[in-house]
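First up is the structure itself, then whatever we jot down about it.
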Amino acid sequence: MFQVRSDEPKYAHLWDQETKVENRYGKKIETAPENDVLREQDFIINDEIQQQQNPNRYKQHGFFLNADNCIFCHACEAACSEKNDNPAHIAFRSVGFVESGSYPAYERLNISMACNHCTDPVCLKGCPTRAYTKFAEYGAVLQDPDVCFGCGYCTWVCPYNAPQLDPVKGQVSKCNMCVDRLEVGLKPACVAACLGNALDFGVIENVPENRSQAEVSIPGFPSPDITQPNIRFQQTKTLQREVTRIDDTPIKYMRNDDTGRYESVVDDKHGHQRQWNLGKLLSSHENAHALFTLSVQASMGMFVLLLLGSEIQQSAAFIPLLAMMLVLMSFGLFKLLMHLGKPHRFYRGFNNLRLSPVSREIAGVSLFFAGLAGYSFFSLFSYPLTILAANAFAIIGLLGFAAGSFYMYKLYRIPARPFWDHWQTATAFYATMLSLGSLIIAWFTVGFMTTPPLKTLSLIAAIGIAIQSLGFYFHARYLKRGTGEGGASHYTQTTVFGNTYYLRNALFGLNLIALSVIAVYGLNSVTMGIVLSISLLVAAYLERILFFAIVIPTTMPGAFFWKNQGFVEHAREIGLAEREQVGVVYEGHHKFNLKELLQTVRENSIKDIILHVRWIFTGK
């Protein structure tokens, strides 16, 4: 249990006496009614059973930031990292700033931010391993790094940069509200260390002494409507109408004269010159996701088209096509598995089927793979029972396709990533199934059939590209009209990666024309087929890696180098990341290491997996 010092200063103690009944969203501040069974359960902190000491234990707590007082000293960061024994590249709390005007009318607003222990925590809903828990005690959202397997989805859905993915350990960790300090009546370490009296803490909606405001937003803070965060702000310092951030993100904030709030808009700080930057795309950390989605979607498209094409099922191309689908699925799943921080904990991905779209995607794709494998095996035989079994597995595969493809799309509809949060994501994914699925089938039929159905397959591929192009058009139009992070992503797409972006569009346009011609007149040239296939594959890859690489999340503004993606990339390029004190590390946890994988598999025996499966279904 946390030990209270005899000379603990008064400002470090919790001050709440009377509290309100509801927060401003109409939710109860009391996290458990007086007669709730939760109050009778022991609260265990640091493996010690604690009797209730804090009378407000079962009330939602939150942070209070008086931005006028923050002096950018980083004492809160240091105190937090010291208490949690964080390495230099991990910080549960960080301080950034926004600025407006110029000398002599220059204004700067410092913002200290950690986890906001939201009323509606999207990290909890998104996590496939159920590493997150919304506790009745203090309303804290706690995360268990030992349960996490390092997929990083919580870092995607959180609008406030709260969960921290450690590339070294391959797991996520975050602010735990210092619940051990709360139990003995002390504020969190960051609050107690604040030199400027900018940070405070208590039961939510209680305004600290000598404070005049308790706002839910501040310039640079993402929309509170996404998660209903438990943090309140005071900012009486007057800023000008336009507020900028000094990190690499092409975002600035404009005051809405009707509401008085600052809204994010595009900041064209990188100019308008189009560049290639293919090296950044090819070395992107998200290449695993790009290859996974492309290979799995191609396999799914092939499977559905194959079931519809009875002529192909009777041909010599049938068995090779089944083998190709299995290879694609194996490759995609392998890339996804090795992208995890802890690949040997892959089975934990099924833990949160009730809430997480990631768990549902994993379940759907796994069901599809099982159906495909069973269908492929029993299709090798022509006995009545094997034909019946093959049909049963085909149905299983179709169910897996429906669930897996839908949740593969659904998991990207993230409000914190506006570039993805559009129906164009669905058109891109399903169009890829049609275009790549048709392309691969076409090549196998050319090699194994005397009269391959190239016109039909070309028409299907052309329809897929047409659907994808339509999605591109409406997505671009939506982003051009829009503001904020979605518009900034499109700005980055058309400038920093502008040449690559227009090459992608041109390739899709040429492929659509060529496939339409083949659908009408047929294909008479193998060379033309090879060129068309290569250009379609290149276009598909560029589309997918751009999708992952350029998305700009609704993040908090960074400081000179901390939380500044531009500095992180620069530090890795020139080797500065090798200096531990810089706070930047190379992303290496997702690289394949066979020896390490085999060792961890041995350490985590089949018995552990069996016990885990039993826990999923029985809770014991």
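The values are calculated or read from the model by the stated rules, or taken from the named source; none is laboratory data. Since the structure is predicted, the reported quantities are computational estimates derived from the model, not experimental observations. Cβ atoms come from the backbone with ideal geometry, glycine included; neighbour counts cover every protein chain shown.
I'd like to know if region 489-506 contains one or more residues that are under 25 Å from residue 163 (Cβ atoms) and at pLDDT 95 or above. Break it down into steps so the answer makes sense when it comes.
Narrowing region 489-506 to residues under 25 Å from residue 163 (Cβ atoms): 489, 492.
Subset that is at pLDDT 95 or above: 489, 492.
The answer is yes, given that some residue of region 489-506 is under 25 Å from residue 163 (Cβ atoms) and at pLDDT 95 or above.
Per-residue answers, yes or no, for (1) in the same structural domain as residue 107 (by TED's automatic domain parsing); (2) in contact with a helix residue (DSSP H, G or I) (Cβ under 7 Å, 6 or more places away or on another chain):
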| position | (1), (2) |
| --- | --- |
| 212 | yes, no |
| 219 | yes, no |
| 225 | yes, no |
| 234 | yes, no |
| 248 | no, yes |
| 251 | no, yes |
| 262 | no, no |
| 265 | no, yes |
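Considering region 220-261, and only residues there that are within 25 Å of the chain's Cα centre (by Cα) and among the aromatic types (Phe, Trp, Tyr), the residue that is nearest to residue 106 (Cα to Cα) turns out to be 253. Among the residues making up region 233-271, those that are part of a loop (DSSP other than H, G, I, E, B), among the charged types (D, E, K, R) and in contact with a Gly (Cβ under 7 Å, 6 or more places away or on another chain) are 247, 248. Among the residues of region 73-112, the ones that are aromatic (Phe, Trp, Tyr) and within 29 Å of the chain's Cα centre (by Cα) come to 2 in all. The residues in region 2-29 that are β-branched (Val, Ile, Thr) and without any contact (Cβ under 8 Å) to a residue 24 or more places away in the chain can be counted, and the count is 1. Among the residues of region 101-130, those that are of a type in the set (Gly, Ala, Ser) and either crowded, with 24+ Cβ neighbours inside 10 Å or at pLDDT 95 or above (or both) comprise 112, 114, 126. Test residue 168 against the criterion of being among the aliphatic types (A, V, I, L, M), part of a loop (DSSP other than H, G, I, E, B) and within 24 Å of residue 28 (Cα to Cα), and give yes or no. No; evaluated as a whole, the condition is false for this residue.
Filter region 52-73 down to the residues that are surrounded by 19 or more Cβ atoms within 10 Å (Cβ to Cβ) and not aromatic (Phe, Trp, Tyr) and list them by number. Show your work before the answer.
Step one: list which residues in region 52-73 are surrounded by 19 or more Cβ atoms within 10 Å (Cβ to Cβ), which gives 54, 56-67, 70.
Matches in region 52-73: 54, 56, 57, 59, 60, 61, 62, 65, 66, 67, 70.
Rundown of residues vs (1) touching a helix residue (DSSP H, G or I) at 6+ places or on another chain (Cβ under 6 Å); (2) among the hydrophobic types (A, V, I, L, M, F, W, C); (3) at pLDDT below 95, yes/no style:
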position: 389; (1), (2), (3): yes, yes, no
position: 392; (1), (2), (3): no, yes, no
position: 397; (1), (2), (3): yes, no, no
position: 407; (1), (2), (3): yes, no, no
position: 425; (1), (2), (3): yes, no, no
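If we scan region 473-494, do we find a residue that is among the basic types (Lys, Arg), within 27 Å of residue 294 (Cα to Cα) and in contact with a helix residue (DSSP H, G or I) (Cβ under 6 Å, 6 or more places away or on another chain)? Looking through region 473-494, none of the residues is among the basic types (Lys, Arg), within 27 Å of residue 294 (Cα to Cα) and in contact with a helix residue (DSSP H, G or I) (Cβ under 6 Å, 6 or more places away or on another chain).
Go through 499, 511, 505 for me and flag whichever is of a type outside the set (D, E, K, R), on the phi < 0 side of the Ramachandran plot, buried (at least 20 other Cβ atoms within 10 Å of the Cβ) and part of a helix (DSSP H, G or I).
On the way: 499 fails: buried (at least 20 other Cβ atoms within 10 Å of the Cβ); 505 fails: buried (at least 20 other Cβ atoms within 10 Å of the Cβ).
Going through 499, 511, 505 in turn, just one is of a type outside the set (D, E, K, R), on the phi < 0 side of the Ramachandran plot, buried (at least 20 other Cβ atoms within 10 Å of the Cβ) and part of a helix (DSSP H, G or I): 511.
Every test in (1) more than 25 Å from residue 494 (Cβ to Cβ); (2) assigned by TED's automatic domain parsing to the domain that holds residue 488; (3) outside any helix (DSSP H, G or I) is passed by residue 292 save one, and that test is (3). Among the residues of region 319-341, the ones that are crowded, with 18+ Cβ neighbours inside 10 Å and either farther than 11 Å from residue 292 by Cβ or among the small types (Gly, Ala, Ser) (or both) come to 7 in all.
Take the residues in region 514-543 that are aliphatic (A, V, I, L, M), at pLDDT 95 or above and within 18 Å of residue 456 (Cβ to Cβ), then tell me which one is surrounded by the fewest Cβ atoms within 10 Å (Cβ to Cβ). Break it down stepwise before answering.
Kept after step one, since they are aliphatic (A, V, I, L, M), are these residues of region 514-543: 514-515, 517-520, 523, 526, 528, 530-532, 534, 536-540, 542.
The next check asks that each one be at pLDDT 95 or above; those that pass are 514-515, 517-520, 530-532, 534, 536-540, 542.
After this cut, where a residue has to be within 18 Å of residue 456 (Cβ to Cβ) as well, the list is 514-515, 517-520, 532, 536.
Details: 514: 21, 515: 26, 517: 14, 518: 23, 519: 19, 520: 11, 532: 21, 536: 24.
Ranking the qualifying residues of region 514-543, first place goes to 520.
With respect to residue 332, is the statement that it is touching a Phe, Trp or Tyr at 6+ places or on another chain (Cβ under 8 Å) and assigned to a helix (DSSP H, G or I) true? Considered against the rule, which asks whether it is touching a Phe, Trp or Tyr at 6+ places or on another chain (Cβ under 8 Å) and assigned to a helix (DSSP H, G or I), residue 332 comes out as yes.
Within region 1-19, the set of residues being surrounded by 13 or more Cβ atoms within 10 Å (Cβ to Cβ), of a type outside the set (A, V, I, L, M, F, W, C) and at pLDDT 85 or above comprises 8, 13, 19.
Cβ-Cβ contacts under 8 Å between residues 6 or more apart (or on different chains), taken from a first residue in region 30-50 that is on the phi < 0 side of the Ramachandran plot and surrounded by 10 or more Cβ atoms within 10 Å (Cβ to Cβ) to a second residue that is at pLDDT 80 or above and in a helix (DSSP H, G or I), are listed as 43/183; 45/179; 45/180; 45/183; 50/183.
Which is assigned by TED's automatic domain parsing to the domain that holds residue 472, assigned to a helix (DSSP H, G or I) and surrounded by 21 or more Cβ atoms within 10 Å (Cβ to Cβ), of 398, 436?
Numbers: 398 fails: surrounded by 21 or more Cβ atoms within 10 Å (Cβ to Cβ).
Just one listed residue meets the conditions, 436.
For region 51-85, the tally of residues that are more than 12 Å from residue 195 (Cα to Cα), free of Cβ contacts under 8 Å to residues at least 24 places away in the same chain and in contact with a strand residue (DSSP E or B) (Cβ under 9 Å, 6 or more places away or on another chain) stands at 2.
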